[in-house]
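**Q** Next up is a structure, given as structure tokens.
The values are calculated or read from the model by the stated rules, or taken from the named source; none is laboratory data. This one's a predicted model, so the numbers in the text were calculated from it and none came from an experiment. All Cβ positions, glycine included, derive from the backbone under ideal geometry; neighbour counts span all protein chains shown. Quick note on the areas: whole protein, heavy atoms, side chains included, nothing else; ligands and nucleic acids left out. Shrake-Rupley method; radii C 1.70, N 1.55, O 1.52, S 1.80 Å.
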Amino acid sequence: MTDFSATIAFGLVRRLAAAGTHTPSLYLLISDAGAIRAIEADIAAEVQVQLGVGLRSLAAAGVRLDRLEAAFTGDPDRPITLITLDHWLPKLVTALDRNVVSLTKGGAVLLLADQGVAERLLSAAPNLRNRLSDVLAIRPDEAFGGPIA
């Protein structure tokens with residue numbers, strides 16, 4: 001896979017702040033599988049501290065296809081949505097690909113996946129791939145020499 005720019009939650013949230021939390025944007029964040037939970041926590045903390053809002057966090061396995069519209073509904077108190085794709089779910093990816101405009105209408109959406117899922121997503125979802133604001137390799141803060149939380 002291509003080497004993507006590396007970041008940590010702090011840098012990612014700075015990007016979101018610059019663009020505006022209600023600006024439709026879609027980021028694919030690629031992480032090591034073992035670091036996903038730490039990255040989720042880092043992003044939630046940075047969103048709260050830097051932006052003063054909550055993060056809406058969804059596990060892909062918990063997103064019901066028959067209630068997909070609920071996942072797309074904007075929340076003014078939690079304008080940023082993090083969807084963790086911790087394993088390959090082809091039906092969900094197809095649904096996200098078909099509804100990508102609706103997905104981002106409420107603001108910023110972050111898709112967090114390991115490298116294997118990200119590769120499959122990029123090849124299987126052309127509409128989603130074309131709407132990506134950026135693809136970033138994300139690591140926990142301590143991977144860049146910061147303090148371990």
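**Q** Can we say residue 39 is surrounded by 15 or more Cβ atoms within 10 Å (Cβ to Cβ) and touching a Pro at 6+ places or on another chain (Cβ under 8 Å)?
**A** yes
**Q** Of the residues in the range 45-91, how many are in a helix (DSSP H, G or I) and either in contact with an Asp or Glu (Cβ under 8 Å, 6 or more places away or on another chain) or modelled with pLDDT under 90 (or both)?
**A** So the count comes out to 11.
**Q** If you don't mind, there's one more thing I want to ask. For the range 93-122: of the residues being outside any helix (DSSP H, G or I) and within 13 Å of the chain's Cα centre (by Cα), which is modelled with the lowest pLDDT?
**A** Looking at residues that are outside any helix (DSSP H, G or I) and within 13 Å of the chain's Cα centre (by Cα), I get 107.
**Q** With the checklist (1) out of contact with any Phe, Trp or Tyr (no Cβ under 8 Å at 6 or more places or on another chain); (2) over 25 Å from residue 38 (Cα atoms) in hand, flag the one item residue 115 doesn't pass.
**A** All conditions are met except number (2).
**Q** Let me ask something else about it. Could you list, in sequence order, the residues of the range 16-36 that are modelled with pLDDT under 95 and either of a type in the set (Lys, Arg) or in a strand (DSSP E or B) (or both)?
**A** Once the filter is applied, which keeps residues that are modelled with pLDDT under 95 and either of a type in the set (Lys, Arg) or in a strand (DSSP E or B) (or both), the range 16-36 yields 25, 26.
**Q** Here is a follow-up. Which condition number in (1) open to solvent by 30 Å² or more (accessible area, probe 1.4 Å); (2) without any contact (Cβ under 8 Å) to a residue 60 or more places away in the chain is the one that residue 11 fails?
**A** Evaluating residue 11 over (1) open to solvent by 30 Å² or more (accessible area, probe 1.4 Å); (2) without any contact (Cβ under 8 Å) to a residue 60 or more places away in the chain leaves (1) as the failure.
**Q** I'd like to know if the range 130-144 contains one or more residues that are among the acidic types (Asp, Glu), modelled with pLDDT of 90 or more, open to solvent by 30 Å² or more (accessible area, probe 1.4 Å) and not in a helix (DSSP H, G or I).
**A** yes
**Q** Just for the range 16-30: of the residues that are in contact (Cβ under 8 Å) with a residue 60 or more places away in the chain and more than 11 Å from the chain's Cα centre (by Cα), which one is least open to solvent (accessible area, probe 1.4 Å)?
**A** Checking each candidate, the answer is 16.
**Q** Return the residues of the range 46-55 that are open to solvent by 50 Å² or more (accessible area, probe 1.4 Å) and touching a strand residue (DSSP E or B) at 6+ places or on another chain (Cβ under 9 Å); say none if nothing qualifies.
**A** Matches in the range 46-55: 48 only.
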